[in-house]
Amino acid sequence: MKKCDIHLPLEYSDGEPIEPGTVKRFRAELLAAFGSFAVPDRRAWKYDGVRHVEIMRFEIVTTDGKLTMKRLKEFKERLMGFLQQVDILITMQDIQVI
């Protein structure tokens, strides 16, 4: 099994907040593509030591790593373009179910 984390910035690259409707649309797209997700937390950190960036972390657990990787790469490209981001952090780890 794989666990994927999408660290979605809650601001455009110019610092303006992303509209709640846009985040809601991304949530619907994730649900349609992966069948489920969790939003365990929101975080903030300094970016380039200058400003704080707030993100919402979406967590997905899946059994199909290859298909998930393809979908996440496509999703990331769309997000980067739409949100005017240089990059969006998405991670994938192997997990073991007990």
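One table, with the values for the structure above:
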| read-out | value |
| --- | --- |
| Estimated dipole of the chain in Debye, rounded to 20 [Cβ of Lys and Arg +1, of Asp and Glu -1, Cα centre] | 300 debye |
| Crossing angle, helix 20-34 versus the chain [Cα axis fit, 0-90 degrees, rounded to tens] | 20 degrees |
| Rounded Å value of the spacing that divides the Cα centres of the stretch 1-30 and the stretch 52-89 | 9 Å |
| Contact order relative to length of the chain, as percent, for alpha carbon pairs under 8 angstrom and 6 or more apart | 46 percent |
| Residues whose placed amide H lies under 5 Å from that of Ile18, excluding near-sequence neighbours | Glu11, Tyr12 |
| Vicinal HN-Hα couplings computed from phi for the stretch 84-92 (Karplus, 6.51 cos²θ - 1.76 cosθ + 1.60; Hz; Gly/Pro x) | 6, 9, 6, 7, 9, 6, 10, 10, 9 |
| Listed residue (His7, Phe58, Ala33) projecting farthest to the positive dipole end of the stretch 2-94, Cβ model | Ala33 |
| Cα shape, the chain, gyration tensor, a/c 1.5 rule | prolate |
| Summed residue charge, Cβ within 15 Å of Val61's Cβ, Lys/Arg positive, Asp/Glu negative | 0 |
| Environment charge at Asp41 (Cβ cut-off 10 Å; Lys +1, Arg +1, Asp -1, Glu -1) | +2 |
| Folded to 0 to 90 degrees: helix 65-82 orientation relative to the chain principal axis, Cα | 20 degrees |
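Since every read-out is calculated from the coordinates, none of them should be taken as a lab result. Since we're looking at a predicted model, the values are computed, not measured. Note: ideal-geometry Cβ built from the backbone for every residue, glycine included; neighbour counts use all protein chains shown.
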